[in-house]
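Colleague: Shown below is the structure under consideration.
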Amino acid sequence: MGQLFFFSLASSLVLTALYLPYKWLLSAEKMPWQNRLTLLSVYLLALVAVPVAGMAGSGSAQALADVDVTGLVPGGVVVAADGSQGLSLWNVLLGVYVCGIAVLLFWGVAIAMRLRSVLAATVPADVDGTEVLVSGDRALAPFSIGDRIVVSVEDMESPCLPLVVAHERIHVRFCHWADLALGYAVCLVQWYSPVSWLMLREVRAVHEYQADAGAIGSGANIKDYQMLLIKKAVGYRFQSFANSLNHSNLKTRITMMYSSSTRGLRRWRALALVPALGAALFVTDLSAVASVLSGASEAVLPSMAVVSDSKVNENPAPVQAAVADDEPLKVVEVKPQYPGGEKALLECLSRNVRYPESAKNENKQGFVVVQFVVGKDGKVNSPKVIRSVSPDLDQAAVDAVMKLEAFSPGLMDGKPVSVYYTLPVSFKLTADDKKK
């Protein structure tokens, strides 16, 4: 779950960076087809850019001088020496994150069940060669989901029925439901981010602009169509999964109907997303940001990580078994300490790191994260690269870690235990190094 949390945070940063130029430069333009493709591209880039850039498992790019070592991360949850629970912030945030996903899933299931009951109570009818499903609920606004169009009995009795069907037929024809499915999947993963919900609203708005243009283009009188939208502004609709006729802001939709289609250079504003993507990747690549995100990737659910004081006292056997087997722990009363403290650890690691010439020649840079075990005797062993950049930089980081002096071992119940420890190491080149 920690990796999912890490991916969610990193991708939300990319999504935010791409959403802002879209909102400022493109959302008010009358080019619904291009804007729809742009929004789908924003989703795709936000979901793909992080793993492609290597942040989810292969490191991230940097640019500075020599070697910088930041963000010491002891592994897991720390339990205070007095036996009280000391949850790490990342573990608590991960627990909140998972709870948020669970709530949204429950809400989605409830909406889906409600939608299913509405569909089950409909009867089919034919409107100008198009099959529609008629609901007995007069308060229900027209909507479409998948290839099905649902209208109320009141709509069937209205002279505006052909306009309603023409509108919903555009949603079905252009498979707008697929865009909504993608948008809600992103909202599920990034539920805490306002931008994910704002993006979904933009997607819905573009859908309505397309449907409005299609309905008017089919020969509908624009005044009659606008009056229909005003009449349908009331009535409940499904907040998820379906495209409803009364969804978007009426003023904006009516304004868009009278606007001229965007032409010429204004269409090229979408290229602003390219530097925005680069800026997002640069920010997530900064050592400070990458170090923070690495804490998210290492987080575990509190229920999995916390060993309460009462459980330790009542059931000491599991802890003793783990100590006896020398199994590395993430839960300790006293964490390992390097001689001289963290400052001395940084200095020693910086002295030991050597930038490989092969990496310099190929301009390789990045953020290597090494996890190792501080044994009962305080010695460093079992190093493992959990975020890689390249084989030569990975090996340089591991070699430097293995040259560290012995720690004061971690303690559980006053006895030395083996403990996981994590160090992020950032390799950065100067401008002169790059020229050479």
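The values are calculated or read from the model by the stated rules, or taken from the named source; none is laboratory data. Worth saying up front: this structure is predicted, and the values here are computed from it rather than measured. Cβ placement follows ideal geometry from the backbone for every residue including glycine, while neighbour counts extend to all protein chains displayed. Please note that ligands, DNA and RNA were not included when accessible areas were found on the heavy atoms of the full protein model with its side chains. Shrake-Rupley method; radii C 1.70, N 1.55, O 1.52, S 1.80 Å.
Colleague: I'd like the antiparallel share, as a percent to the nearest 5, of DSSP beta bridges with both residues in segment 91-209.
Modeller: 75 percent
Colleague: Once phi is turned into θ = phi - 60°, what whole-Hz ³J(HN,Hα) does the Karplus curve with 6.51, -1.76 and 1.60 give for every residue of segment 203-218, x standing for Gly and Pro?
Modeller: So the J values, rounded to whole Hz, are 4, 4, 4, 4, 4, 5, 4, 5, 5, 4, 4, x, 5, 5, x, 7.
Colleague: Ordering M257, M31 by how much accessible area each has at a 1.4 Å probe, largest first, what is the list?
Modeller: Ranking M257, M31 by accessible area, largest first, yields M257, M31.
Colleague: L119 to N361: extension gain in nm, 0.36 nm per residue of separation minus the Cα-Cα distance?
Modeller: 80.7 nm
Colleague: With θ set to phi - 60° and the Karplus curve 6.51 cos²θ - 1.76 cosθ + 1.60, what are the ³J(HN,Hα) couplings of segment 370-377 in order, to the nearest whole Hz, using x for Gly and Pro?
Modeller: 3J(HN,Hα) across segment 370-377, in whole Hz: 10, 10, 9, 10, 8, x, 4, 8.
Colleague: Next question. What is the ratio of the Cα radius of gyration of segment 6-48 to 2.2 N^0.38 Å, where N is its residue count, to two decimals?
Modeller: This ratio for segment 6-48 stands at 1.20.
Colleague: I need the peptides 389-396, 107-114, 133-140 ranked by packing, meaning the mean over residues of other C-beta atoms within 10 angstrom, with the highest value on top.
Modeller: Highest-to-lowest ranking by the protection proxy: 389-396, 133-140, 107-114.
Colleague: With r as the distance between the Cβ atoms of V274 and E347 and R0 = 35 Å, compute the FRET efficiency 1/(1 + (r/R0)^6) and round to 0.05.
Modeller: 0.30
Colleague: Got a number for carbon plus sulfur as a percent of segment 86-126's accessible area, 1.4 Å probe?
Modeller: 78 percent
Colleague: Still on this model: How much FRET efficiency would the formula 1/(1 + (r/R0)^6) give for F282 and L89, where r is the Cβ-Cβ distance and R0 is 22 Å, rounded to 0.05?
Modeller: With a Förster radius of 22 Å, E is 0.30.
Colleague: What FRET efficiency would be calculated for the residue pair K376, K251, taking the C-beta separation as r and a Förster radius of 41 Å, to the nearest 0.05?
Modeller: It comes to 0.05.
Colleague: Oh, and also: Beta carbons within 10 angstrom, averaged per residue: use that to sort the peptides 208-214, 158-164, 274-280, highest first.
Modeller: Highest mean packing first, the order is 208-214, 158-164, 274-280.
Colleague: Which entries in K376/K403; K330/K428; K30/K223; K335/K364; K379/K428 show an alpha-carbon gap greater than 23 Å?
Modeller: Beyond 23 Å: K330/K428; K335/K364; K379/K428.
Colleague: Stretched out fully, how many nm does the piece from D224 to L40 gain, at 0.36 nm a residue minus the Cα gap?
Modeller: 63.0 nm is the gain from fully extending D224 to L40.
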